[in-house]
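Q: I have a structure here, written as C-alpha cells, and I will follow up with some questions on it.
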Amino acid sequence: MTEITSAPDISRIEIPMDIWTTPFWQAAAEERLVLPCCGDCGTHRWPPGPFCPACRSQQVNWVPAGQAELYSYTILRPPGASPDEAAPLIVPGLVAFLEAGGLRIMAAIVGSPVGAVKIGAPLVLGWVPKGDTRVPVFSIDLGS
Amino acid sequence: MTRPSAAIAGVGSTPYYFRGESAPQTIYEMIGKAVIAAISDAGLEIADIDGMAFYATGFEASQIVEQLGIPELSFAAVVAGQGGGSAGILDLAAMAVETGRAKTVVCIGACQQLGRRYGQSLASLATTPEGVLSLTSGLSGPGQSLALVAQRHMHTYGTRREAFAEVVMASRAYAATRPEAIRKRPLTLEEYFAAPMLADPLCRYDFCVETDAALAFVVTSAERARDLRQKPVNIVGAVHGGKRDWGRAFFWLNQPDEVFTSSGAGAVAEKLYGQTGITPSDIDVALLYDHFSPLVILQLEDYGFCKRGEGGAFVESGAIRPGGLAVNPHGGQLSECYVIGMTHVREAVEQLRGTAINQVPDARLALVTGGPAPIPMSAAILGV
C-alpha cells in the first residue's frame, strides 16, 4: 500500500503577526502566496523583516512566489504511532522558489505518495484553512 | 598578548543524570557543586573566584555569588545567542585573564530538563510571528530541522545512513568503558537500521541522549596555572563568531547551497587555525559537538579532517573508530551525556592531562567545537 503524506495538526498553533508578516497572511487568506522583495534593490528575503539585508531599505514589494521545488525534507511519524498502524506521515518540506532567487520557506508536503517525495521534485501549491487565513501547503507534481 | 596566556587549571562536575533524575536538586545546586569541585581540583579557594563566563543566555551570576559566598566579581559575561557558543566561554575566560580583568574565571555550563525538553524547543517559536512560519510545516525540534540538512547532504554528496551509523557505533564503542555513560551497550549496524525513524533520515540513535548535569572549569593565567595543583591545560586558541551566510542556522534555512550542507563551522575553523597556526593533522583528539550524528560528519569536513562532501566515505572507511582519528573518545553527547558541549571540554582536559579513561597516547592538542547552531559558533584548541 502506498503511503500518502498528511497535513500536520496545526489546530493548537496560533498565528501571531507583526507589521512585516501581516501582508503574507493577508494574501494567504486570498490563497495568494507572496514573498517579500526589496522595493529598492529587488533582493528577496525570508523571513519577512524590517530591512533588506542587501541594502537596508525598508521598502517592500510583495511578489508572487512562482514555481516551487522541493529543496529538502524530513519525514515524521507522530509520537505514539505504532509502526504497524497506518500512522499519518507528516513531511515538513523546505520549498525553494526559483523565480525568487531560490528563496526557501518551510511548508508541509501533503497528499503525496511518500515514494514521490524527492529533492528537486516540482511542487503544486495548496491551502489549508486556519482561523481567518490559510496556510500554504504543497504536493508533489506527479504530472511532470 | 599572544596565546597561550591562559590555561584551564581545574575541572568539576556533578554526576551525569538521565533527563529529570537530577531532581530534587535545582540547577543552581548542581552548578554550585560543579564550581566547588572545580576550585578544589585546581587547589584554589572559592574566594579566589573573580570572574564568570557562560553561554546560551547563561545563568544568574548573582545567584551563584550569593549561594557560594564569592566575595567579589570583576568580570561576568555570556557568549551571545542561544546556539553554538559553548567553546566560546573559553575565549571569554582567556580574554578576561589576558586583559587583567579577572584572575580566576569559572566557566559554567549546565542543563536540567525538567518538564521542558530541549528537543522540542522550536515549539516555543509559536509565540513569534517569524517562528510560526516554520511551525506550520510540522517542524518542532532542531533534530528535525537538521534532518533537512542531512537529507540534502545525502542528495548532494551521496552520503549514506551507514555513515551516520558509523558515528553512533564509534561513540558507543568508546562509551562502553565509561562508567557514567547513559548508553554503554555497543551497537551493531543491524540494530541501528532496526531503530524507529524519528525524522527521516535520522533514527532514534542519531539523536543525543537527554541528560542533566553541571560542569565548571577554572581558567587562570598560564603562568599561575603552572604553580597550581594540576597539570595546566593551555587555551592555545579560542574563537567565537560566524558569518551571515550561516546566520540563524536551522531557524533560517536560507543558507547558500554549500553552506546549507555544512555544519556552519567554516568561518570559526578558518579563524581558529589562522590564529594558532595549527592544522587539522596536528590535532590528536577532536571533541566535535554531537547533538545529532550527521553533524559530526559535517564538522569533520568543516574542520578539514576530510574534504567537503567526503565525510560520509571518510567515516565509513572506519577512520573514526577507536584506534583511528580520536573523535569524542568519551562517547560524546550521543552516548555518554549531553551538557550543551561541556563534557567535550572536560574530556579535552582529561586527555591532555593524560588521565582520560580512553586515553589517546601522548595527546598534546585537542580541538573542542561548539554546536552547529545559530551564530556565534565557537571552537577552541587546548594543548599541553
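Q: Antiparallel versus total DSSP beta bridges in chain A: what percent is that, nearest 5?
A: Counting DSSP beta bridges with both partners in chain A, the antiparallel share is about 90 percent.
Q: While we're looking at this one, here's another question. Can you list the HN-Hα couplings for segment B:358-369, worked out from phi with the Karplus curve (6.51, -1.76, 1.60; θ = phi - 60°), rounded to whole Hz and with x for Gly and Pro?
A: Once θ is set to phi - 60°, the couplings for segment B:358-369 become 9, 5, 7, x, 6, 5, 10, 10, 10, 9, 10, 10 Hz.
Q: Return the tail of the calculated pair distribution for segment A:16-140, meaning the percent of Cα-Cα pairs more than 26 Å apart.
A: The share of Cα pairs beyond 26 Å in segment A:16-140 comes to 28 percent.
Q: Which whole number gives the average count of other chain Cβ atoms within 10 Å of the Cβ atoms across peptide A:67-78?
A: Per-residue shielding by partner chains comes out at 6.
Q: Compute, for the protein assembly as shown, the length of the dipole vector about the Cα centre, with Cβ point charges of +1 (Lys, Arg) and -1 (Asp, Glu) only. Units Debye, rounded to 20.
A: 340 debye
Q: Which aspartates and glutamates does B:Lys243 reach when only Cα atoms under 20 Å apart count, and residues fewer than 8 places away in its own chain are ignored?
A: Result set, ordered by chain and number: B:Asp91, B:Asp257, B:Glu258, B:Glu270, B:Glu301, B:Asp302.
Q: I would also like to ask the following. Residue-wise, which Karplus ³J(HN,Hα) couplings in Hz belong to segment A:17-33, taking 6.51 cos²θ - 1.76 cosθ + 1.60, θ = phi - 60°, and x for glycine or proline?
A: Once θ is set to phi - 60°, the couplings for segment A:17-33 become 10, 10, 5, 8, 9, 4, x, 4, 6, 5, 5, 4, 4, 9, 6, 10, 9 Hz.
Q: DSSP beta bridges in chain B, what fraction antiparallel, as a percent rounded to 5?
A: Within chain B, antiparallel bridges account for around 70 percent of the total.
Q: Let me ask something else. Please report the net charge: other residues with Cβ closer than 14 Å to the Cβ of A:Ile109, K and R +1, D and E -1.
A: -2
Q: With an 8 Å cut-off on Cα pairs and a minimum separation of 6 or more residues, tell me the relative contact order of segment A:16-140 in percent. Write out the running numbers ahead of the final one.
A: Working: 237 pairs, mean separation 28.1, N = 125.
Answer for segment A:16-140 is 23 percent.
Q: Would you list which aspartates and glutamates come within 19 Å of A:Lys130, measuring only between C-alpha atoms, while excluding same-chain residues fewer than 8 positions from it?
A: A:Asp9, A:Glu14, A:Asp18, A:Glu30, A:Glu31, B:Glu130
Q: Put +1 on the Cβ of every Lys and Arg and -1 on every Asp and Glu Cβ in chain A; which of A:Ala100, A:Pro16, A:Leu125 then has its Cα farthest towards the positive end of the dipole?
A: A:Ala100
Q: Could you point to the residue in A:Tyr73, A:Leu35, A:Thr2 farthest towards the positive end of chain A's charge dipole, with +1 and -1 charges on the Cβ of Lys/Arg and Asp/Glu respectively?
A: A:Leu35
Q: Find the relative contact order for chain B and round it to a whole percent, using C-alpha pairs within less than 8 Å whose residues are 6+ positions apart. Don't skip to the end; give the middle numbers.
A: On the way: 914 pairs, mean separation 99.9, N = 384.
Relative contact order of chain B: 26 percent.
Q: Could you tell me which of B:Ser13, B:Ile235, B:Ser140 has its Cα farthest along the dipole of the protein assembly as shown towards the positive end, charges placed at Cβ (Lys, Arg +1; Asp, Glu -1), taken about the Cα centre?
A: Toward the positive end, the furthest listed residue is B:Ile235.
Q: Using only alpha-carbon positions, what ratio does the radius of gyration of chain B give when scaled by 2.2 N^0.38 Å?
A: 0.92
Q: Report, in deg cm²/dmol and to the nearest 500, the calculated mean residue ellipticity at 222 nm for chain B, where each DSSP H run with n ≥ 4 adds -39500 (n - 2.57) and the sum is divided by the residue count. List each step's numbers first, then the result.
A: Working: 13 runs with 123 residues, N = 384.
Value at 222 nm, helices only: -9000 deg cm²/dmol.
Q: Which whole-Hz couplings ³J(HN,Hα) result when phi for each residue of segment A:99-113 is put into the Karplus expression 6.51 cos²θ - 1.76 cosθ + 1.60, θ = phi - 60°, listed in order with x for Gly and Pro?
A: 6, 10, x, x, 3, 10, 10, 8, 7, 6, 9, 10, x, 10, x
Q: Quick one: grab the alpha carbon gyration tensor of segment B:299-364, order the square roots of its eigenvalues as a ≥ b ≥ c, and give me rounded if a/c is under 1.5, else prolate or oblate depending on whether a/b is larger than b/c.
A: Verdict is prolate for segment B:299-364.
Q: Would you mind working out the magnitude of the charge dipole of segment A:16-140 relative to its Cα centre, with +1 at each Lys and Arg C-beta and -1 at each Asp and Glu C-beta, to the nearest 20 Debye?
A: Roughly 200 debye, rounded to the nearest 20.
Q: Could you tell me which of the pairs B:Lys271/B:Lys307; A:Lys118/B:Lys271; B:Lys231/B:Lys271 are separated by over 29 angstrom between their Cα atoms in the structure shown? Intermediate results must be reported in sequence, preceding the final value.
A: Details: B:Lys271/B:Lys307 18 Å; A:Lys118/B:Lys271 37 Å; B:Lys231/B:Lys271 27 Å.
Pairs exceeding the cut-off: A:Lys118/B:Lys271.
Q: Right, here's the next one. Hey, if you drop one equal point scatterer on each alpha-carbon of the protein assembly as shown and run the Debye formula without solvent, what base-10 log of I(q)/I(0) do you get at q = 0.08 Å⁻¹?
A: With one equal scatterer per Cα and no solvent, log10 I(q)/I(0) is -0.52.
Every number in this text was worked out from the coordinates using simple rules, so none of it is lab data. Predicted, not measured: the structure shown is a model, and the values here were computed from it. Ideal geometry is used to build each Cβ from the backbone, glycine not excepted, and the neighbour counts take in all protein chains shown.
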